[in-house]
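Following: one structure in C-alpha cells, then a few remarks.
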Amino acid sequence: MTLDEFVSLSAALTGYPVSTLQPVPDTQQIAATLFAELNLASNNIPAAQLDELTQVWNSISATPPPDLPAAVQEKIIENLAITRLAQNIIYLWFFGTWYDLSKNPNSFTSPNIDHVVSPLAYTNGLVWGEMGAHPMGYSVGQYGYWANVPTLPQIN
Amino acid sequence: MDNSTKQYDVVIVGGGWAGSALAYRLASANKRVLVLEAGIAIDGLITNPDENQLVTGNRAEFMNDFFMAMAKTPESPYVQNYNAPRPAVLDIQPIPPFTQDNPVQLPAGAPPPATIDCADPKASIDKGYFIQRGPVPFGSTYERRGGGTSWHWLGTSLRMLPNDFKLKTVYNQAVDWPISYEDLSDYYDQAEFEIGVSADVDEQQIHGITFSEGYVYPMAKIPATILDNTMDAGLAGKTFDGSSLKVTGTPAGRNGVPNQMKNGEFYDNGRRQCQGNTNCTPICPIQAKYDATVTMAKALMTGNVEIIYQAVATNIMLDMTTMEVNGVVYKTYETTGGPCTGTFTATGTKYIIAAHAIEAAKLLLMSNTQIPAGIANYSGQVGKNLMDHPMYLGWGLMPKPVYPFRGPLSTSGIEGTRDGTFRSERASFRIEIGNEGWNWPGGAPYNQVIDMVSPMPPDQSGTPTVGIFGTALRQSIQSNFTRQFRIGFLIEQLPDADNCYIVPSKTCFDNLGVPRPEIYYDFDVYTMEGFKAAAAATDFIFDTLGVENNTGVPVGNGGVFEYEGVKYYAQGAGHVMGTHRMGFTRDDSVTDANMKSWDHDNLYIVGCGSMPTTATSNPTLTMTALAFKAADAILQSID
C-alpha cells in the first residue's frame with residue numbers, strides 16, 4: 001500500500017475528505033505518521049491481509065462517490081479476511097492508537113502491542129472534534145468556552 | 001545527601017500538599033526548614049544541587065507520558081518509582097479468593113486471603129504497591145514526588161459543613177472533631193487565598209456555612225457547562241429523601257476571573273486562566289489548576305527552606321528521657337530502580353510528619369525500635385480508621401446534546417444531599433457532575449467507538465463482527481458522545497478501627513527494603529446504605545431528566561461488593577483520611593486539635609490523616625486550612 005492509497009482508503013473508512021486527512025500544506029504529517037504503522041514490523045500485520053486490503057481498495061476506489069460506501073461495505077467491511085485491519089485504520093485516525101490485531105480491541109488481554117502512535121497522533125485524533133470537543137489534555141479554547149454550544153463538523 | 005551536621009528549626013517529612021503549605025508558612029516567619037521528600041525532584045524546585053539526585057521531572061515530560069499512555073489513568077503521566085512506590089488504579093482488583101462475580105464478605109476472624117509473592121520487589125510492585133487484604137480493596141491512590149498527589153487532584157475546594165464537625169453530637173455517629181467550623185473559618189479564608197479558589201460566596205452559604213463580613217473568593221465562580229445548566233433547569237425545585245437537588249457551582253482551585261479582595265486589591269497569582277482541558281486529573285497541562293509546587297516554589301524563595309529529594313524517611317528517633325523526637329532517619333537512592341546509597345539522620349527542633357495519610361501512618365508504625373507500638377501511638381489509633389469517600393457512579397445519555405469533554409472535569413454539583421436527619425441512619429453524599437462523558441465509568445471515548453466499529457457478538461466471545469464506518473460512524477459518534485454524562489456520589493464513611501486500617505507489611509518490601517502498606521478495608525452498613533440511597537437518587541434524577549440510564553458495570557470494577565442482594569462498584573475518590581486522627585484525648589486519638597502528638601511534644605502529624613471523620617467535602621481545602629492551623633501552633637510554640 002502506498003501513502004496515497006492509504007489516504008484515499010482512510011477517507012472512505014473515516015468519512016472525512018482527503019483534504020482533512022492530508023491538508024496542503026501538511027504541517028503535522030499525521031497521514032505519513034499513521035501510515036508508517038502499516039509498515040511497522042512489530043505490529044505483526046499478516047502480509048497477505050495488507051496485500052488483499054490494498055488490492056480490494058484499488059479495485060473499488062474509482063467507484064463513483066455516491067456508490068462508494070456500499071462498495072466499501074460489501075468488499076471491505078463485510079470481508080472478514082480484512083475487516084479487522086480496516087477497523088484499525090479507523091482507530092488510527094480517530095484515536096491515534098494502534099490495537100493489537102490478535103485480540104479484541106476492547107480487551108486488556110496482556111501482553112499485547114496496543115500503543116499510542118505519538119503525542120501528535122493522539123492530539124490529532126478525529127473523535128474529539130467530531131463531538132465538538134478537544135482531546136483531553138489538549139484544549140485550544142479560551143476561558144469559559146465550555147458555556148457555549150459548539151459547532152459540530154458537517155457530515156457530507 | 002547528608003544533612004546530619006545541619007540543625008533546623010523544623011524538619012518536615014513530605015514535600016506534597018501539607019508539607020509545602022507548612023514549609024511556606026514557617027519559612028515566611030524566618031524559621032529554618034528542611035523538607036525530606038521521598039520521591040523525585042521537580043525541575044526548578046531544587047535547593048541542593050547534588051550529584052546523588054539525578055532524576056527530576058517536569059510538566060512537559062509528564063504530558064508526553066500522558067499522551068502516550070493507552071490507559072489515561074490518574075497515574076499515567078507519572079512513572080513508577082520502585083524506591084518510593086505508589087499505588088495505581090489499574091491494580092485495584094477483587095481480592096482473592098473473591099472475584100468480581102463472587103464477592104464474599106470475609107467472616108470475622110477468618111485468615112487473610114492468598115499470600116502475595118513479593119520476593120522480587122519490582123515485579124511485585126508492578127502488580128500493585130498495596131498489600132490488599134480486603135475484603136474490599138482500597139480504591140484510592142496517591143503520588144510520591146515533589147508536589148505529591150496535588151499533581152492529579154481535581155481542584156474541588158469545598159468547605160466542610162458545620163455539622164460535619166459534630167457528627168456525634170448531632171447524629172450520634174462516630175466522633176466529633178475537636179474543632180468547630182468557626183475555629184477553622186479564618187484558616188479557610190487563608191487556604192482559599194493560597195490555592196486561588198474560584199467560587200461565589202452567596203452560592204456557598206448552605207447548610208449553615210458562613211463567611212466573614214465582606215468576604216469574597218479570590219476569583220469569580222467558574223462558568224457552568226451546558227450539562228450543568230441542563231441539570232439545573234431539569235432538577236429545579238426537586239428533592240430526594242427530603243434534600244434539595246439544586247445544582248450549584250463547585251469552588252475550584254482553578255484560575256478564573258480575579259475578584260477585588262477585601263483589601264481592595266485584585267487577586268493575582270501569576271498563573272494562567274483555565275483553558276478547559278478537561279484533564280484536571282491526571283494533569284493540568286498549563287498549571288491553571290493549583291498544585292503544591294506553587295507553594296513550594298514560594299517557600300524556597302524565602303531562602304529559609306532546603307529540600308532533599310529521594311530521601312525516604314524510615315525511622316523517627318526519640319530522646320527516651322524527654323520523649324521528644326531527636327532525629328528522622330532517611331535513606332537515599334540515585335535512580336528510581338537503583339540501590340540504597342546511604343542512610344542519614346535529619347535533626348531539628350520541631351518535626352512534622354506531612355507524608356500521605358497512608359505513608360505517614362506507615363512511617364510512625366515502622367518507627368518501633370524504641371517503642372514497640374511505634375511513634376505517637378499510645379492510643380493505638382495510628383494507621384486505624386482508614387477512610388475514603390467511596391464513590392457510586394451513575395451514567396446515561398441525555399435526551400438532547402449537552403456537549404461533554406469540554407471545560408474543567410467538573411464545574412458543578414449537588415450539595416443539598418450532604419446533610420439531613422438521615423445521617424442518623426445512613427451515609428450522606430454530595431453529587432459531583434462530570435464533564436467528561438463516560439470517560440470514568442465507561443472508558444470513553446475509546447470503548448464506545450470500538451463498540452461501533454468492532455462490535456462483539458452478544459455473548460462477548462469470539463472475534464469482533466462487522467461494524468460501522470464512514471458517515472454512519474461519524475453520525476453515531478456525534479449522536480452518542482454529545483449526550484453522554486455521568487454523576488458521581490462521594491459517600492461518607494465512618495471511622496472503623498477494627499476493619500479499616502493500614503500496617504507496615506512484615507513480609508513485603510519496596511526496592512529500598514521499606515515495608516509496603518498492608519491494607520484492611522471494608523464498608524459498614526452506614527456506608528452501604530449510602531450506596532443504596534445513591535442508586536435510588538440516580539434513578540430519580542435520571543427519570544426526572546428523561547435520561548437513558550446506562551449505569552452498569554464500570555470499567556474499574558475491582559471495588560465490587562454486594563449489599564441486600566445488589567452489587568455495587570465502589571470507586572476510590574482519592575480522599576485518604578483518618579489514619580492519624582486528631583481528637584479530644586490521648587486515649588482515643590493520635591494528636592490534639594493543633595495536630596501535635598499527644599505523646600511527643602515536638603512532633604506534629606498533619607494531613608488528611610488528621611481528619612476524625614470524612615465529612616462531606618473533598619478534603620483538600622480542609623487539609624490546607626489544617627496545615628495553616630498547625631503552622632500557627634508550631635510558631636507559637638517556638639517563639
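Between A:Asn39 and B:Thr47, the distance separating the two model label sites (each 7 Å from Cα on the Cα→Cβ line) works out to 5.5 nm.
When both the range B:519-567 and the range B:596-618 are represented by their alpha-carbon centers, they are found 30 Å apart. With the simple spin-label model, which puts each label point 7 Å out from Cα in the Cβ direction, the A:Val140 to A:Asn112 separation comes to 3.1 nm. For chain B, the list of Cys residues with no other Cys C-beta under 4.7 Å reads B:Cys274, B:Cys280, B:Cys284, B:Cys340, B:Cys500, B:Cys608. Using only Cα atoms and rounding to the nearest 10 degrees, what angle (0 to 90) does helix B:292-301 make with the longest principal axis of chain B? That works out to roughly 30 degrees.
The angle between the Cα long axis of helix B:181-195 and the main principal axis of chain B comes to about 80°, on a 0 to 90 degree scale.
Note on surface exposure: B:Ile308, A:Ile45 rank A:Ile45, B:Ile308 by accessible area, highest first, 1.4 Å probe. For the range B:61-87, a decrease in accessible area of 50 Å² or greater in the assembled protein chains relative to the isolated chain, with a 1.4 Å probe, applies to B:Phe67, B:Met68, B:Met70.
Our note on the geometry: Cα centres of the range B:287-316 and the range A:85-102, 43 Å apart.
The string of couplings for the range B:317-333 from the Karplus curve (6.51, -1.76, 1.60, θ = phi - 60°) is 9, 10, 7, 6, 7, 8, 6, 8, 6, 10, x, 10, 7, 9, 10, 10, 8 Hz, one whole number per residue in order, with x for Gly and Pro. For B:Phe509, the amide hydrogen comes within under 5 Å of the amide hydrogens of B:Arg516, counting only partners 5 or more places away or on other chains and with H modelled in the peptide plane. Surface calculation, 1.4 Å probe, protein heavy atoms: A:Ile30 sits at approximately 20 Å² accessible. Per the Debye formula on identical point scatterers at the alpha carbon atoms of the range A:1-48, with no solvent, log10 I(q)/I(0) at q = 0.22, 0.26 Å⁻¹ is -0.80, -1.00.
To test your reading of the geometry: what angle, between 0 and 90 degrees and rounded to tens, separates the Cα axis of helix B:357-366 from the longest principal axis of chain B? Compared with the principal axis, the helix lies near 40 degrees. If the segment from A:Glu78 to A:Ser102 were pulled out straight at 0.36 nm per residue, it would be longer than the present Cα-Cα gap by 6.8 nm.
For the protein assembly as shown, the solvent-accessible area works out to 35 Å² per residue, with a probe of 1.4 Å and every protein chain left in place. Principal axis extents of the C-alpha atoms in the range B:345-452 (largest first, rounded to whole Å): 64, 40, 27.
Near B:Phe405, the amide H atoms lying under 5 Å from its own belong to B:Glu436, B:Gly437; only residues 5 or more places off or on other chains count, and H is placed 1.01 Å from N. Multiplying the residue separation of B:Asn172 and B:Met323 by 0.36 nm and removing their Cα-Cα distance gives an extension gain of 50.8 nm. The ellipsoid equivalent to the alpha-carbon distribution of chain A has semi-axes of 27, 20, 15 angstrom, derived from the gyration tensor eigenvalues as √(5λ) and listed largest first. Across the range A:14-29, rounded Karplus estimates of 3J(HN,Hα) from the backbone phi angles (6.51 cos²θ - 1.76 cosθ + 1.60, θ = phi - 60°) give 8, x, 9, x, 4, 5, 7, 6, 9, x, 10, x, 9, 5, 8, 6 Hz, Gly and Pro being marked x. Entry note, the range A:1-114: relative contact order of 27 percent, from Cα contacts under 8 Å with a spacing of 6+ residues.
Hull volume per residue, based on the alpha-carbon atoms of the range A:92-152 and their convex hull, is 104 Å³. Each 10 Å bin from zero up to the one holding the largest Cα-Cα distance in the protein assembly as shown carries the following percent of pairs: 3, 14, 23, 25, 19, 11, 4, 1, 0, 0. Using bins of 10 Å that start at zero, the share of Cα-Cα pairs per bin across chain B amounts to 3, 17, 28, 28, 17, 6, 1, 0, in whole %.
Helix-only arithmetic for the protein assembly as shown: the sum of -39500 (n - 2.57) across DSSP H runs with n ≥ 4, divided by the residue total, places the mean residue ellipticity at 222 nm at -8000 deg cm²/dmol.
First check a/c for the range B:113-188, with a ≥ b ≥ c the square roots of the eigenvalues of its C-alpha gyration tensor; if it is under 1.5, answer rounded, and if not, answer prolate when a/b is larger than b/c or oblate otherwise. Judged from the Cα gyration tensor, the range B:113-188 comes out oblate (a/c at least 1.5, b/c at or above a/b).
Quick one: length gained pulling A:Gln29 to A:Leu3 fully straight, 0.36 nm per residue minus the C-alpha distance? Each step should come with its number before you reach the end.
Values: separation 26, 0.36 × 26 = 9.36 nm, distance 1.14 nm.
The span from A:Gln29 to A:Leu3 would gain 8.2 nm if fully extended.
What FRET efficiency, computed as 1/(1 + (r/R0)^6) with R0 = 41 Å and r the Cβ-Cβ distance, is obtained for A:Leu50 and B:Ala119, rounded to the nearest 0.05?
FRET efficiency, A:Leu50 to B:Ala119: 0.40.
Across the range B:77-94, rounded Karplus estimates of 3J(HN,Hα) from the backbone phi angles (6.51 cos²θ - 1.76 cosθ + 1.60, θ = phi - 60°) give x, 10, 5, 5, 10, 6, 8, 8, x, 9, x, 9, 5, 5, 8, 7, 10, x Hz, Gly and Pro being marked x. Solvent-accessible area assigned to carbon and sulfur over chain A amounts to 57 percent, based on a 1.4 Å probe. Computing FRET efficiency as 1/(1 + (r/R0)^6) for A:Asn58 and A:Gln154, where r is the C-beta to C-beta distance and R0 is 35 Å, gives about 0.75.
Grab the beta carbon distance between B:Glu548 and B:Gln636, set R0 = 56 Å, and tell me the FRET efficiency rounded to 0.05. Before the final figure, lay out the partial values.
On the way: r = 58 Å, r/R0 = 1.04.
The value I calculate is 0.45.
The values are calculated or read from the model by the stated rules, or taken from the named source; none is laboratory data. All of these numbers come straight from a predicted model, not from anything done at the bench. Backbone-built Cβ (ideal geometry, glycine too); neighbour counts: all protein chains shown. Note: accessible area is taken over every heavy atom of the protein model, side chains too, but ligands, DNA and RNA are not part of it. Shrake-Rupley method; radii C 1.70, N 1.55, O 1.52, S 1.80 Å.
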